[in-house]
């Protein structure tokens with residue numbers, strides 16, 4: 001039997017208190033937060049005090065220039081954002097159903113599966129449910145995970161790193177991500193046989209930004225070969241710039257193999273016959289364990305798992 005004795009029922013928690021927590025976090029000042037919510041400052045102060053009294057903790061530190069959340073406040077703000085995002089999604093889903101649509105799903109992916117996995121999965125969903133709205137974001141894993149936590153995304157195809165809190169995440173691995181070297185078509189090194197790292201250490205390279213996992217492994221790859229990493233480098237992850245720069249120069253770029261083959265198949269770049277023993281960590285499908293998938297998200301999840309068999313030879317349980 002469902003338990004209806006939650007603390008927030010006994011405390012008569014108000015939606016405006018959740019809105020106030022988020023507004024205070026963003027504005028840092030109760031006067032401006034009250035203005036944003038179209039209420040008086042005394043009313044805002046009372047809402048906050050009532051909530052602090054119920055929780056028996058201080059949620060914000062009061063300073064002459066504003067307010068700063070305590071650790072308790074940080075926790076409540078994070079969950080308030082999630083609760084409000086969930087309510088917005090509920091409204092959008094009901095509105096979509098009233099309008100005759102099946103609903104909406106928000107999916108985030110890193111670049112490689114965004115090119116390889118998402119297109120066939122999305123095509124399958126649209127064949128089955130043409131009115132289902134699909135919103136896609138291609139971003140880095142840390143950005144996607146933050147948006148998943150905020151309730152802005154339903155499903156990710158991304159990586160998990162050691163620093164990520166995995167306590168409320170479900171992760172189903174798909175594949176590791178090899179990398180390769182790219183150059184312009186007609187590059188002089190394309191005709192070189194037996195090409196090794198020592199042959200390209202003095203070349204100009206387009207590499208991932210400093211601090212990234214791939215950049216670290218790229219440099220380590222040369223060090224393990226007994227040579228210093230290239231020093232003539234451009235640091236960027238912007239694919240449009242990378243492909244355009246390669247076309248106009250003799251630079252070499254390091255990219256995920258799936259991404260490289262996509263651009264090579266269109267004649268934009270060419271894959272250099274150079275063994276690259278560095279690689280990216282595996283990526284997989286990520287969802288929240290503390291949130292139920294909407295009907296639309298379940299349809300997308302099923303399509304992603306079906307497409308993963310063809311893309312990566314990975315068979316996943318469609319019911320999980």
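Summary of values
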| quantity | calculated |
| --- | --- |
| Given (1) buried (at least 16 other Cβ atoms within 10 Å of the Cβ); (2) modelled with pLDDT under 90, number of the condition residue 114 does not satisfy | (2) |
| For residue 193: the one exception among (1) modelled with pLDDT of 90 or more; (2) part of a loop (DSSP other than H, G, I, E, B); (3) assigned by TED's automatic domain parsing to the domain that holds residue 230 | (1) |
| Residues satisfying the stated conditions in region 225-244, i.e. loosely packed, with under 11 Cβ neighbours inside 10 Å and under 11 Å from residue 197 (Cα atoms) | 226, 228 |
| From 163, 146, residue being modelled with pLDDT under 95 and either within 12 Å of the chain's Cα centre (by Cα) or buried (at least 19 other Cβ atoms within 10 Å of the Cβ) (or both) | 146 |
| Residues satisfying the stated conditions in region 30-59, i.e. in contact (Cβ under 8 Å) with a residue 24 or more places away in the chain and either buried (at least 17 other Cβ atoms within 10 Å of the Cβ) or not assigned by TED's automatic domain parsing to the domain that holds residue 69 (or both) | 30, 44, 47, 48, 51, 59 |
| Selection count where residues are surrounded by 15 or more Cβ atoms within 10 Å (Cβ to Cβ) and farther than 30 Å from residue 310 by Cβ, scope region 166-188 | 2 |
| Hits in region 274-304 (condition: over 17 Å from the mean Cα position of the chain (by Cα) and either surrounded by 22 or more Cβ atoms within 10 Å (Cβ to Cβ) or at pLDDT 95 or above (or both)) | 296, 303 |
| Matching residues, region 119-134, being in contact (Cβ under 8 Å) with a residue 40 or more places away in the chain and within 9 Å of residue 303 (Cβ to Cβ) | 120, 121, 122, 124, 125, 128 |
| Qualifying residue in region 126-135 (condition: crowded, with 17+ Cβ neighbours inside 10 Å and assigned to a loop (DSSP other than H, G, I, E, B)) | yes |
| Filter result for residue 25 (within 19 Å of residue 294 (Cα to Cα), in contact with a strand residue (DSSP E or B) (Cβ under 9 Å, 6 or more places away or on another chain), crowded, with 17+ Cβ neighbours inside 10 Å and not assigned by TED's automatic domain parsing to the domain that holds residue 263) | no |
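Conditions tested, residue by residue: (1) farther than 17 Å from residue 8 by Cβ; (2) in contact with a strand residue (DSSP E or B) (Cβ under 6 Å, 6 or more places away or on another chain).
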| residue | (1), (2) |
| --- | --- |
| 39 | yes, no |
| 43 | yes, no |
| 51 | no, no |
| 57 | no, no |
| 69 | yes, yes |
| 78 | no, no |
| 81 | no, no |
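The values are calculated or read from the model by the stated rules, or taken from the named source; none is laboratory data. The model shown is predicted, which means the values in this text are computed figures rather than measured ones. Cβ: placed from backbone, ideal geometry, glycine included. Neighbour counts: every protein chain shown.
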